[in-house]
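J.: Please find one structure pasted underneath; my questions will follow.
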Amino acid sequence: MSGPSPILPVQDLGQAYLGYGLEVDELQRADRAARAATARRRAYLAAKRGIDVVASVAALIALGPVLLVTALLIKLRDGGPVLFVQKRVGKDGRAFDFYKFRSMVVGAERLQADLLAFNHHDSGHTFKMRRDPRVTWIGRLIRRTSIDELPQFLNVLKGDMTLVGPRPALPREVARYDDRDRRRLEVTPGLTCLWQVNGRADLPFDRQVELDLEYIEGQGLLLDLEILARTIPAVLSCRGAY
């Protein structure tokens, strides 16, 4: 027969209860911190969405004459569609219709295979060519001034995009992402982003991803407002826009 269970000294029992109490306190503090972080995140996203809607409506109204003139010039040039609608990949990998003013000849995507050798993004994830022969004369103008991007305010209003966030990628680009690259899909894509104000298309793909991850890890209203403020001089400089 086994003997009676050993009885812990009072001092050991006290230390055990004290350790248990400290562990419970730590768990409670961690839970409160997690709840506070979730509340801050929700408040940020609500404020961000409010700014998106107000700013997009204001921009579309204020820029109405520019939108109309641009649409007219594109239509008069070749009679083709004014908007270029393309599938892009948004938050959590969800595809959506992405709007731009058409800056290339009709059927330009079918011609891209013949130009891959001139891609200046060595990684091959994205295609950028400084003097793309598919771009029309009006296309060069609206690309240099970023007017071609203005229809994306409609994407922002629909909720597919936000004012500030990683730029939305093509499905074929996302198919080549590694685990690090796919972190860009953790947030809603944006009209402008950190790499847009730090060189735009002149930056290699890896640097673009690095800046997107830096944004994701530090995002907040102050950073969003800073990027929006820096976007205006970046657009006016025309650097990396082609």
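The values are calculated or read from the model by the stated rules, or taken from the named source; none is laboratory data. What you see is a predicted model, and the numbers here were worked out from it, not measured in a lab. Because the Cβ atoms are built from the backbone with ideal geometry, glycine has one as well, and the counts that use them run over all protein chains shown.
J.: Enumerate the pairs (first residue in the stretch 85-111 and assigned to a helix (DSSP H, G or I); second residue anywhere and of a type in the set (S, T, N, Q)) with beta-carbon separation below 6 Å, excluding pairs fewer than 6 apart on the same chain, so at least 6 apart or on different chains.
T.: Cβ pairs passing all conditions: 91/188.
J.: Considering only residues that are outside any helix (DSSP H, G or I) and farther than 23 Å from residue 135 by Cβ, which ones fall in the stretch 193-242?
T.: Answer for the stretch 193-242, where residues must be outside any helix (DSSP H, G or I) and farther than 23 Å from residue 135 by Cβ: 194, 198, 219, 220.
J.: Here is a check on your reading of the model: is residue 191 of a type outside the set (Val, Ile, Thr) and modelled with pLDDT of 95 or more? Show your work before the answer.
T.: Working: of a type outside the set (Val, Ile, Thr): yes; modelled with pLDDT of 95 or more: yes.
Judged against the criteria, residue 191 is a match.
J.: Filter the stretch 182-192 down to residues that are in contact (Cβ under 8 Å) with a residue 60 or more places away in the chain and not in a helix (DSSP H, G or I), then give me how many there are.
T.: Residues flagged as in contact (Cβ under 8 Å) with a residue 60 or more places away in the chain and not in a helix (DSSP H, G or I) within the stretch 182-192 amount to 3.
J.: Being modelled with pLDDT of 90 or more and touching a Pro at 6+ places or on another chain (Cβ under 7 Å) is the filter here; which residues of the stretch 98-151 pass it?
T.: 98, 99, 100, 101, 102
J.: Out of (1) in contact with a strand residue (DSSP E or B) (Cβ under 9 Å, 6 or more places away or on another chain); (2) surrounded by fewer than 18 Cβ atoms within 10 Å (Cβ to Cβ), what's the single condition that is false for residue 219?
T.: (2)
J.: Hey, another quick one. What are the residue pairs meeting all of these: first residue in the stretch 150-168, first residue farther than 17 Å from residue 101 by Cβ and among the polar types (S, T, N, Q), second residue in a helix (DSSP H, G or I) and at pLDDT 95 or above, Cβ atoms under 6 Å, and 6 or more apart or on different chains?
T.: Cβ pairs passing all conditions: 162/52.
J.: Counting only residues that are among the acidic types (Asp, Glu) and free of Cβ contacts under 8 Å to residues at least 40 places away in the same chain, which one in the stretch 171-181 is farthest from residue 217 (Cα to Cα)?
T.: Here is the first cut: in the stretch 171-181, the ones among the acidic types (Asp, Glu) are 173, 178-179, 181.
Then drop every residue that is not free of Cβ contacts under 8 Å to residues at least 40 places away in the same chain, which leaves 178-179.
Numbers: 178: 18, 179: 16 Å.
Ranking the candidates gives 178 first.
J.: For the stretch 23-79, which positions are among the polar types (S, T, N, Q) and either surrounded by 12 or more Cβ atoms within 10 Å (Cβ to Cβ) or closer than 20 Å to residue 186 by Cβ (or both)?
T.: Just the residues of the stretch 23-79 that are among the polar types (S, T, N, Q), to begin with: 28, 38, 56, 70.
Scanning the stretch 23-79 gives 38, 56, 70.
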